[in-house]
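I have placed the structure first, in the form of structure tokens, so that the comments after it can refer back to it.
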Amino acid sequence: KQWYQRRVRGNQYFAEYAEQVPGGQTFKHLQSLALKHKIHLIGGSIPEICNGKLYNTSMVFNPEGALIAKHRKVHLFDIDIPGKFKFTESDTLSPGNSITVFNVNEFKVGLGICYDIRFPEQGQLMREEGAHILIYPGAFNMTTGPVYFELLNRCRAVDNQVYCASIAPATDHSATYVSWGHSVICSPSGVVVDCAGHEEKIIYYDFNLNDLQNIRDGIPTSKQKRNDIYELLNVQK
């Protein structure tokens, strides 16, 4: 657990542990796990090196071990809360520039990383590309986590009428970056359907397209938007 947190979250470790994607040690390990267990696997995130730049990158594999998606964190975590917490990802990392949506059987899944969840426009673009589920691997800290982690997951779920899940490392106070933990899954109505605490926990949940569609039909916000007044555009397309 501590190795994971240091590898992914400590600025001083990004360059040391950066890997190429595809081809790095973590890529090969995650690929082998997906293939061995015949599962779709979202591998959290790691520091990726490409053309001399570092990115915070999440990889997605299918049951055949193929890389079907790669998301580079779009919004870098640069904050300074006086007397409490300061972190500046842009000292080390470069931002990604694309929205990531991929297929898992009958579901479409949108993928962001950690601080990406703070930005509703990214979630909205993933919903417009057909996402039923938004997933944000991340590690909120002990200052922002108690205030925002569950709230933001509920907000993105309600905003877009999607399932929203954030997966975090368990809390380890001996780590250089202490994660709030509290991995969480929210329904399209914004209800927390399961949540971990500070400790390690495996959460199982069956996503249901019928339930999701019933919520969208009952409150059809996607059909009620006023595109004559406002409009959200993916400028990369």
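The values are calculated or read from the model by the stated rules, or taken from the named source; none is laboratory data. Treat the numbers as computed from the prediction; the structure is a model and nothing was measured. Cβ placement follows ideal geometry from the backbone for every residue including glycine, while neighbour counts extend to all protein chains displayed. Note: areas computed on protein heavy atoms with side chains; ligands, DNA, RNA excluded. Shrake-Rupley method; radii C 1.70, N 1.55, O 1.52, S 1.80 Å.
Note on segment 22-42: residues that are in contact (Cβ under 8 Å) with a residue 40 or more places away in the chain and part of a loop (DSSP other than H, G, I, E, B) amount to 2. Looking across segment 80-95 at every residue that is open to solvent by 40 Å² or more (accessible area, probe 1.4 Å) and within 19 Å of the chain's Cα centre (by Cα), the one that is modelled with the lowest pLDDT is identified as SER90.
Selection of first residues in segment 222-237 that are in contact (Cβ under 8 Å) with a residue 40 or more places away in the chain and more than 22 Å from LEU212 (Cβ to Cβ) and of second residues that are open to solvent by 100 Å² or more (accessible area, probe 1.4 Å) and in a loop (DSSP other than H, G, I, E, B), restricted to Cβ pairs under 8 Å at least 6 apart or on distinct chains, gives the following pairs, ordered by first then second residue: GLN236/ASN97. Only one entry of PHE77, PHE61 meets the criterion of being out of contact with any Pro (no Cβ under 7 Å at 6 or more places or on another chain), open to solvent by less than 20 Å² (accessible area, probe 1.4 Å) and at pLDDT below 95, and that entry is PHE77. Tell me yes or no: at least one residue of segment 212-230 is within 26 Å of MET142 (Cβ to Cβ), among the aliphatic types (A, V, I, L, M) and in contact with a His (Cβ under 7 Å, 6 or more places away or on another chain). Within segment 212-230, not a single residue is within 26 Å of MET142 (Cβ to Cβ), among the aliphatic types (A, V, I, L, M) and in contact with a His (Cβ under 7 Å, 6 or more places away or on another chain). Among residues of segment 186-237 being surrounded by 11 or more Cβ atoms within 10 Å (Cβ to Cβ), in a loop (DSSP other than H, G, I, E, B) and hydrophobic (A, V, I, L, M, F, W, C), the one that is farthest from the chain's Cα centre (by Cα) is ILE219.
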